[in-house]
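Peer 1: So that we are looking at the same thing, I have put the structure below in structure tokens.
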Amino acid sequence: MTPPYETHEHDVLIIGAGGAGLRAAIEALAHGASVGIVCKSLLGKAHTVMAEGGVAAAMGNVDAADDWRTHFRDTMRGGKFLNNWRMAQLHAQESPERVRELEQWGALFDRTPSGDILQRAFGGHTFKRLCHVGDRTGLEMIRTLQDRGVQLGIDVYMECTVTRLLKDGDRIAGAFAYWREQGRFVIFKAKSVVIATGGIGKAWKVTSNSWECTGDGMALAYEAGAELLDMEFVQFHPTGMVWPPGVQGILVTEAVRGEGGILRNKDGERFMQKYDPKRMELSTRDVVARSIYTEVKEGRGSPHGGAFLDISQKPADYVKRKLPSMYHQFKELADVDITKGPMEVGPTCHYMMGGIRVDAETARSSVSGLFAAGEAAAGLHGANRLGGNSLSDLLVFGRRAGAAAADHAKNSAPPSIDPAQIAEAEREMLAPFERAEGDSPYAIHHDLQEMLQSHVGIFRIEADLRHALEELEKLKSRAARVRVEGSRLFNPGWHLARDLRCMLTVAEAVARGALARRESRGAHSRIDFPQLDDAWGKKNIVTAKRDGAMTLAEVPVRDLPEDLKQILAEEK
Amino acid sequence: MPEAILRVFRGNAEGGAHAEYRVPLAPGMVVLDALHSIQAHQAPDLAVRWNCKAGKCGSCSAEVNGRPRLTCKTRMDSLPLDRPITISPMKAFPVLKDLVTDVRWNYEVNRKIPPFQPRPGVQWKMEQADVDRVQEFRKCIECFLCQNVCHVLREHHENAHFAGPRFFVRTAALEMHPLDGASRTRLLREQMGLGFCNITKCCTEVCPEEIHITDNAIIPLKERVVDEFYHPMRLLTSRFRRK
């Protein structure tokens, strides 16, 4: 078809090799599909590796009263009822089996005295529900999944970045990508594509996210005509490091609070008493993040502009055993011994509740043959995600996406790809090398991060959001004239130039959604509309590209069936 | 503002040389921060691998003043700043560009190790005490620094016959899993070259996760191989069988 290009053909192509992508790959393979998985980094380095606190699953190993109904209710309440209820139901019902499966593939979780998987408390979860391995649960998960996938025979294309989805009429036909190492272009032909590219945090200045989290999948899907959902909901994790400057934003696991960590302001006051006296430090992330932010804003912050988080009342060897990476992280990077004194923490951009709009059962997007799972997909978490629900999300919907993508491939003829699409994709990638002048991608990225941090942060207001949209237009035109130096050989400046465009697309969707939703709900806090609004509580915002422009539409939240309404009404 | 001078390897498979950059220092700065500063202001195409910047992913391995380190965990203030800091790619792997090396060989070795195989009819119950020693091995973040310093690979290039410390750790995690029923001792002896290791403990010294690679993984595996292939009673019985 396209002789000058290296071409690979699969039934199912998966973009992203974190938890969702790997789980999808394993399932698609089990359904008899040939599977290729593309990832920007080396295998096993995806952002899942950084997940710390645990995977939420109502197994009832520690609190026997737990069951899927309570998990469902907690998830819906945490998401302020904007969640896709069917996703929340499937997630709560299926996550225990997904965790047991990991154990059967060799994962080793911490144990209860009776030899079962140990579970810990976390914010917004009624019961002790998070299966964990100290504070390195994500590492255990990704190693287990990657070893399983490799043994089963998935083809892995490491350090390879997809820049465009290819289509055959209205259906998906594959993807155009480049090898990061040599800068050569490569084409993947596929009947189904699963997007599992994770989040968008790298668009903000203070973030827990790695360089990879640039919203690629959301932007690729949007450009290919898919709908995005709930883009205004960006989670700021309450506890990132604040000092020294180089580590600002690095995650401090919620497990610190799950294990009994206490938050105080500079006056020694346990301030969560004021904001959520019932749940205190184990309130939901939106509430704790706003509380810390407010304390700092009102002059009661720690020396470096955060709050104090203290776990030193627990025995030192307990802290070292249950939170080993936190112990080392603070000791080595901040000269703080957390067994002896408090950490300084503050909010950090962490997770995207919004993303590609998908069908609950099949993870299918609005484009034929295109699926999405994990952080790149939207719906499960509504307006705010509970800690621990992301790792279970990856497993439950990664599996469902893999199965549905394989089934779709079985019933589809091989696609054909119009060479003009490929020529355009190549032209777009090479243009930055040909410009004699233009901004450096690093400078534009820096300005985007500063702008979003100050104008589209935890608290939002109309004037800021309008200003943000104006600034985004300027940044977009600068990005269209970006200049790249050097060769195509492993060139991070060139790579950033492409990722930047994805960040700009997604940032615009976030700002537009935030401007449209004139209320405060979950992670979306409007200073000018500080209350929940029942009318907005019945609507999701859908973003799509129509006639070349970003358009927003309000769609009604689907009504719950009676049995689920009953569960939500129960008090616990 | 105080500055540091970094001498960073610039080059590719064909060769290269160290180039000098001046970088302003900030409190708590790590070597990876300095490399990022060079990328942003002086050399946009400087190739560096990194992901988490928190010592959890094992991507940013390099040699800092000759010592294999994670650059995200190496504080600038832990280095002598009165002279240039030399940063080179890991020596045991072929250079692709600048600080990025070709580590694919590791993934090929990994593929050969038979996966976890639960014993038939196993009950999924485990004591924490039994899990502890395997969890130590499972802390590995695959930074490949242990592979980089192992002289069997670094000086003798025995990659075809020797799997290296990382994969002894991985094999130990499988062999010592309380519910695993497979045996990998023949593989260790015949294909992974466990016998080449002469226990110099260089791997243990550089492990950022402080895994006791030699004492807790390699030596117990050597004992297993000896038990299986060189145990006096077994040797005797196998001799009888042969007759």
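We did not get these values from a lab; they are worked out from the coordinates using the rules stated. Just so you know, these numbers come straight off a predicted model, no measurement behind them. All Cβ positions, glycine included, derive from the backbone under ideal geometry; neighbour counts span all protein chains shown.
Peer 1: Filter the GluC sites (Glu not before Pro) in region A:476-572 to those in DSSP coil with at most 12 other Cβ atoms within 10 Å of their Cβ, and list the result.
Peer 2: Loop-located and lightly packed - A:Glu570, A:Glu571.
Peer 1: How crowded by other chains is B:135-142, given as the mean number of beta carbons from other chains within 10 Å of each beta carbon?
Peer 2: 5
Peer 1: For the Cα atoms of chain A, what angle does the longest principal axis make with the long axis of helix A:137-152, in degrees from 0 to 90, nearest 10?
Peer 2: 40 degrees
Peer 1: Out of B:Asn51, A:Val256, B:Leu187, whose Cα points farthest toward the positive end of the dipole of the protein assembly as shown (charges: +1 Lys, Arg; -1 Asp, Glu; placed on Cβ)?
Peer 2: So the residue we want is B:Leu187.
Peer 1: For A:Gln235, what residues show an amide H to amide H distance below 5 Å, using hydrogens built from the backbone and excluding near sequence neighbours?
Peer 2: A:His350, A:Tyr351, A:Met352, A:Met353
Peer 1: Ok, one more. Pick out, in residue order, every one of the trypsin sites (Lys or Arg not before Pro) in region A:391-436 that is DSSP loop and has at most 12 other C-beta atoms within 10 Å; say none if there are none. Walk me through the numbers before you get to the answer.
Peer 2: Numbers: sites: A:Arg399, A:Arg400, A:Lys410, A:Arg427, A:Arg435; in loops: A:Arg435.
Filter output for region A:391-436: A:Arg435.
Peer 1: Please name which of B:Gly15, B:Asn148, B:Leu79 has its Cα lying farthest along the dipole of chain B towards the positive end, using unit charges on Cβ (Lys, Arg +1; Asp, Glu -1) and the Cα centre as origin.
Peer 2: It is B:Asn148.
Peer 1: Anyone know which of B:Ser37, B:Ser61, B:Ser88 comes out most mobile in the 10 Å Cα GNM of chain B?
Peer 2: Fluctuation is largest for B:Ser37.
Peer 1: At 0.36 nm per residue, and after removing the present C-alpha to C-alpha distance, how many nm does the segment from A:Thr7 to A:Lys538 gain when stretched out fully?
Peer 2: 186.6 nm
Peer 1: Now, a different point. Just to confirm my numbers, what's the Cα centroid distance between region A:406-465 and region A:276-333 in Å?
Peer 2: Here the answer is 35 Å between Cα centres.
Peer 1: Cα centroids of region B:112-145 and region A:346-396: how far apart, whole angstrom?
Peer 2: 30 Å
Peer 1: A further question on this structure: Given a Förster radius of 35 Å and the C-beta distance between B:Lys125 and A:Arg558 as r, what FRET efficiency does 1/(1 + (r/R0)^6) yield to the nearest 0.05?
Peer 2: Efficiency computed from Cβ-Cβ geometry: 0.25.
Peer 1: Provide the FRET efficiency to the nearest 0.05 for the A:Glu298-A:Ala420 pair, computing r from the beta carbons and using R0 = 56 Å. Write out the running numbers ahead of the final one.
Peer 2: Numbers: r = 58 Å, r/R0 = 1.03.
Given R0 = 56 Å and the Cβ-Cβ separation, E is 0.45.
Peer 1: Right, something else. In whole percent, what relative contact order does region A:388-482 give with Cα contacts below 8 Å and a gap of six or more residues?
Peer 2: 32 percent
Peer 1: Right, something else. Need one number: % antiparallel among DSSP beta bridges in chain A, to the nearest 5.
Peer 2: Once the DSSP bridges in chain A are tallied, antiparallel ones form about 65 percent.
Peer 1: Take peptide A:122-128, look around each residue's Cβ out to 10 angstrom, count Cβ atoms belonging to other protein chains, and average those counts.
Peer 2: Other-chain Cβ atoms within 10 Å of each residue's Cβ, averaged: 0.
Peer 1: What ranking do A:Thr505, B:Thr101, A:Thr75, A:Thr197 get, fewest neighbouring Cβ atoms within 10 angstrom at the top?
Peer 2: With the sparsest Cβ surroundings first, the list reads B:Thr101, A:Thr505, A:Thr75, A:Thr197.
Peer 1: Which listed residue (A:Leu145, A:Ser283, A:Gly513) has the Cα farthest towards the positive end of the charge dipole for the protein assembly as shown, taking +1 on Lys and Arg C-beta and -1 on Asp and Glu C-beta about the Cα centre?
Peer 2: Checked the options; the winner is A:Leu145.
Peer 1: What FRET efficiency comes out for A:Asp337 versus A:Glu434 if R0 is 41 angstrom and r is the Cβ-Cβ distance? Round to the nearest 0.05.
Peer 2: 0.15
Peer 1: Rounded to whole Hz and in sequence order, give me ³J(HN,Hα) for region B:94-107 from the Karplus expression 6.51 cos²θ - 1.76 cosθ + 1.60, θ = phi - 60°, writing x for Gly and Pro.
Peer 2: For region B:94-107, the Karplus curve yields x, 6, 8, 7, 6, 9, 8, 10, 8, 9, 4, 3, 4, 5 Hz.
Peer 1: A follow-up question, please. Partner chain Cβ atoms within 10 Å, averaged over the residues of A:36-46 - can you pull that number for me?
Peer 2: On the way: counts 0, 0, 0, 0, 1, 5, 11, 4, 7, 10, 2.
Mean shielding count: 4.
Peer 1: Using alpha-carbon pairs under 8 Å, 6+ residues apart, how would you state the relative contact order of chain A in percent?
Peer 2: Relative contact order for chain A comes out at 21 percent.
Peer 1: Sort B:Asp33, A:Asp135 so the one with the fewest other Cβ atoms within 10 Å of its own Cβ comes first.
Peer 2: Least crowded to most crowded, the residues run B:Asp33, A:Asp135.
Peer 1: Output wanted: per-residue J couplings in Hz (rounded whole) for region A:301-307, from phi through Karplus 6.51 cos²θ - 1.76 cosθ + 1.60, θ = phi - 60°, x for Gly and Pro.
Peer 2: Working through the residues one at a time gives x, 6, x, 9, x, x, 10 Hz.
Peer 1: Can you give me the three principal axis dimensions of region A:383-475 from its C-alpha atoms, in Å, biggest first?
Peer 2: Extents along the principal axes: 48, 45, 22 Å.
Peer 1: Next up: Can you list the lysines whose alpha carbon is less than 20 Å from that of B:Lys91, not counting same-chain residues fewer than 8 positions off?
Peer 2: Within reach: B:Lys73, B:Lys201.
Peer 1: Please give the Cα centre distance for region A:500-556 versus region B:179-194, rounded to the nearest Å.
Peer 2: 56 Å
Peer 1: Here is a further query. I need the trypsin sites (Lys or Arg not before Pro) found in region A:301-388, filtered to DSSP loop residues with at most 15 other beta carbons within 10 Å of theirs.
Peer 2: In loop regions of region A:301-388 (DSSP not H, G, I, E or B), the sparsely surrounded trypsin sites (Lys or Arg not before Pro) are A:Lys340.
Peer 1: Can you compute the charge dipole magnitude of chain A about its Cα centre, using +1 on each Lys and Arg Cβ and -1 on each Asp and Glu Cβ, nothing else charged? Give it in debye, rounded to the nearest 20.
Peer 2: 460 debye
Peer 1: With +1 on each Lys and Arg Cβ and -1 on each Asp and Glu Cβ, and nothing else charged, work out how big the dipole of chain B is about its Cα centre, in Debye to the nearest 20.
Peer 2: Dipole size: approximately 960 debye.
Peer 1: Dipole magnitude of region B:11-146 about its Cα centre, charges +1 at Lys/Arg Cβ and -1 at Asp/Glu Cβ only, in debye to the nearest 20?
Peer 2: Details: 19 positive and 15 negative charges, 82 e Å.
So the dipole magnitude of region B:11-146 works out to roughly 400 debye.
Peer 1: For region A:70-81, what does the Karplus curve 6.51 cos²θ - 1.76 cosθ + 1.60, with θ = phi - 60°, yield as ³J(HN,Hα) per residue in whole Hz, taken in order and with x for Gly and Pro?
Peer 2: 5, 5, 4, 5, 4, 5, 5, 5, x, x, 6, 6
Peer 1: Right, something else. Pairs of Cα atoms under 8 Å, at least six residues apart: use those to get the relative contact order of chain B, whole percent.
Peer 2: Relative contact order of chain B: 16 percent.
Peer 1: Here is a further query. For chain A, what is the Kirkwood estimate of the hydrodynamic radius, computed as the reciprocal of the mean inverse distance between distinct Cα atoms, to one decimal in Å?
Peer 2: About 23.7 Å for chain A.
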